[in-house]
């Protein structure tokens, strides 16, 4: 007899489970977002004070970006907590896409901060301001910025490889490996990655601007760097916005994930073909929906046991949230092989 809740499916909302409390949800939240929120809040305060005392526009732009990062990571952490809520009768597939909504809110915050930064940069280009000293204050704060955001960026890149189940990389190979696999990482991790790339670049540019102004009379570099940092923030807003927009719509899994799932299904001795399969990516997790053809001559009970076995096998993969498998008798045609051949041809 088949189980009430086949392996790989979400538990029924009526099934008795431990009580869901705020504390238990917070523990499941994205820790890296919470850490990044605190770190960027400290950096924003330090850079804001430095900009106030020295009059550096580049420092102001960097402070605005750190503030935007802190607010964004706060939104993302709240979203990651809410997305861990269990499925209910009203929302039977769970709350996984809530994180995409909160990331879209973060995009709005970044866009507003980017506008203010670009506005300040254009103002400094038209009316260059002389810094009122405090060279070592600026340098110290920006070096602190590079160290803190650089550490967060390295952690985010390692987390991307971990979530994507990609081979580990070290040194200079870490950055290209992270870019290659970032699409398979969770939305909070992608947000931290993109924002901290801009944060590190912005701190380096601001440091260059501060040093150049102290050593030369080229005051326009302050406005140029400020405007450039604002443009980089706009680029992050568009990229993160696009990723979360398709996440809300529902995007298909990468081809290598589909190949891995189809190989696992076809490896079962009683499976003859895959008539159709759809894999939807939600964050870094995948939802499998497939129609599988079994060998002829099976009883209904045997076929049901095979279906449960396939579902259990698929959901042993930590990246597959659930698998809905439908079973039919073999029709004698190689539907999946024909489909694969058409894909390769195109």
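So which residues in region 277-300 are at pLDDT 90 or above and within 31 Å of the chain's Cα centre (by Cα), if there are any at all?
277, 278, 279, 288, 289, 290, 291, listed by residue number.
Only one of 138, 145 is at pLDDT below 80, farther than 23 Å from residue 27 by Cα, touching a helix residue (DSSP H, G or I) at 6+ places or on another chain (Cβ under 6 Å) and crowded, with 22+ Cβ neighbours inside 10 Å; which? Give the steps one after another, and end with the answer.
On the way: 145 fails: at pLDDT below 80.
Going through 138, 145 in turn, just one is at pLDDT below 80, farther than 23 Å from residue 27 by Cα, touching a helix residue (DSSP H, G or I) at 6+ places or on another chain (Cβ under 6 Å) and crowded, with 22+ Cβ neighbours inside 10 Å: 138.
Does at least one position in region 76-98 carry a residue that is in contact with a strand residue (DSSP E or B) (Cβ under 9 Å, 6 or more places away or on another chain), in the same structural domain as residue 242 (by TED's automatic domain parsing) and either at pLDDT 80 or above or over 30 Å from residue 321 (Cα atoms) (or both)?
Of all residues in region 76-98, those in contact with a strand residue (DSSP E or B) (Cβ under 9 Å, 6 or more places away or on another chain) come to 93-94, 96-97.
Narrowing the set further to residues that are in the same structural domain as residue 242 (by TED's automatic domain parsing) leaves 93-94, 96-97.
From the residues that got through so far, the ones that are either at pLDDT 80 or above or over 30 Å from residue 321 (Cα atoms) (or both) too are 97.
Yes; the residues of region 76-98 include at least one that is in contact with a strand residue (DSSP E or B) (Cβ under 9 Å, 6 or more places away or on another chain), in the same structural domain as residue 242 (by TED's automatic domain parsing) and either at pLDDT 80 or above or over 30 Å from residue 321 (Cα atoms) (or both).
Determine, yes or no, whether residue 61 is part of a loop (DSSP other than H, G, I, E, B), modelled with pLDDT under 80 and in contact with a helix residue (DSSP H, G or I) (Cβ under 7 Å, 6 or more places away or on another chain). Even if it seems obvious, please write down each step before you answer.
Working: part of a loop (DSSP other than H, G, I, E, B): no; modelled with pLDDT under 80: yes; in contact with a helix residue (DSSP H, G or I) (Cβ under 7 Å, 6 or more places away or on another chain): yes.
For residue 61, the condition - part of a loop (DSSP other than H, G, I, E, B), modelled with pLDDT under 80 and in contact with a helix residue (DSSP H, G or I) (Cβ under 7 Å, 6 or more places away or on another chain) - is not met.
When you go through (1) modelled with pLDDT of 90 or more; (2) assigned by TED's automatic domain parsing to the domain that holds residue 196 one by one for residue 266, which number turns out not to apply?
If we test residue 266 against (1) modelled with pLDDT of 90 or more; (2) assigned by TED's automatic domain parsing to the domain that holds residue 196, just (2) comes out false.
I'm trying to understand the selection: among the residues of region 282-303, which are out of contact with any strand residue (DSSP E or B) (no Cβ under 8 Å at 6 or more places or on another chain) and in a helix (DSSP H, G or I)?
300, 301, 302
Quick one: which residue in 263, 214 is without any contact (Cβ under 8 Å) to a residue 12 or more places away in the chain and in a helix (DSSP H, G or I)? So that I can check it myself, show each step before the final result.
Working: 214 fails: without any contact (Cβ under 8 Å) to a residue 12 or more places away in the chain.
Unique residue meeting the criteria: 263.
The values are calculated or read from the model by the stated rules, or taken from the named source; none is laboratory data. All values reported here derive from a predicted model rather than from experimental measurement. Here Cβ is always computed from backbone atoms with ideal geometry, including for glycine, and neighbour counts include all displayed protein chains.
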